[in-house]
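The values are calculated or read from the model by the stated rules, or taken from the named source; none is laboratory data. These figures come from a predicted structure and were not determined experimentally. Because the Cβ atoms are built from the backbone with ideal geometry, glycine has one as well, and the counts that use them run over all protein chains shown.
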Amino acid sequence: MDDTHLTQLGREARSFASPDEAVLERVANPQKGALYLARFTVPEFTSLCPVTGQPDFAHLVIDYAPGDWLIESKSLKLYLAAFRNHGAFHEDCTVAVGRRIVATAEPRWLRIGGYWYPRGGIPIDVFWQSGPPPEGLWLPDQGVPAYRGRG
C-alpha cells in the first residue's frame with residue numbers, strides 16, 4: 001500500500017471492531033536514506049483481559065527507524081483504538097502491535113515497550129524489537145519509569 005491508496009487520512013474514518021479488521025496504512029518517507037528514529041507515544045492504550053473481560057491499560061512507546069515508508073499516524077490511532085474491545089494478554093498485544101507495524105512499513109528497525117499498569121498487584125512490562133538496531137542509530141531512553149504508582 002502506498003500513499004495513493006490512503007483510505008483514512010483526510011477523510012471521515014470509522015472505528016474498527018478488532019485489530020484484525022483495522023487498516024494500518026503507510027506513506028512514502030520523504031527522508032528515505034537518512035538514518036533516524038521516529039517515536040509514537042501512546043499513554044492511554046487499552047485492551048481487555050481475555051479471561052475476565054476487565055480493561056487493561058498500558059503506556060506504549062514505539063520507536064522505529066523508517067526505511068522507504070512511514071506509518072500514517074491516523075491509521076495507527078484507529079488501529080490501536082481497535083484493541084479496546086479485544087481480549088488478549090499483555091504480551092500478545094505488545095508484540096502484535098510491533099509485528100503489524102513491521103509488516104506494514106518495513107522499517108529498518110523497530111522496538112516497542114509496553115508498560116502495563118498492574119492487575120492483581122503485578123505490572124507487566126513487555127519489550128520487543130525486530131532485530132539489532134542499525135549501527136549509528138540514536139536510541140534515546142523510552143522515558144517510562146519503573147512502576148511506582150505510574151500515572
_Whether any residue in the range 56-74 is under 26 Å from Arg119 (Cα atoms) and of a type in the set (Ser, Thr, Tyr) is what I want to check._
no
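Considering each residue of the range 122-150, count those that are in a strand (DSSP E or B) and modelled with pLDDT of 90 or more, and give that number.
Adding up the residues that qualify gives 5.
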_Checklist (1) crowded, with 16+ Cβ neighbours inside 10 Å; (2) over 27 Å from Pro134 (Cα atoms) applied to Trp69, failing item_ = (2)
*Go through the range 80-133 and give me each residue that's touching a Leu at 6+ places or on another chain (Cβ under 6 Å) and surrounded by fewer than 16 Cβ atoms within 10 Å (Cβ to Cβ).*
none
*Go over the candidates Asp63, Asp56 one by one and state the one that is under 25 Å from Pro30 (Cβ atoms), touching a residue at least 12 places away in the same chain (Cβ under 8 Å) and not in a loop (DSSP other than H, G, I, E, B).*
Asp63
*Taking Cys49, is it farther than 24 Å from Gly131 by Cβ and touching a strand residue (DSSP E or B) at 6+ places or on another chain (Cβ under 6 Å)?*
yes
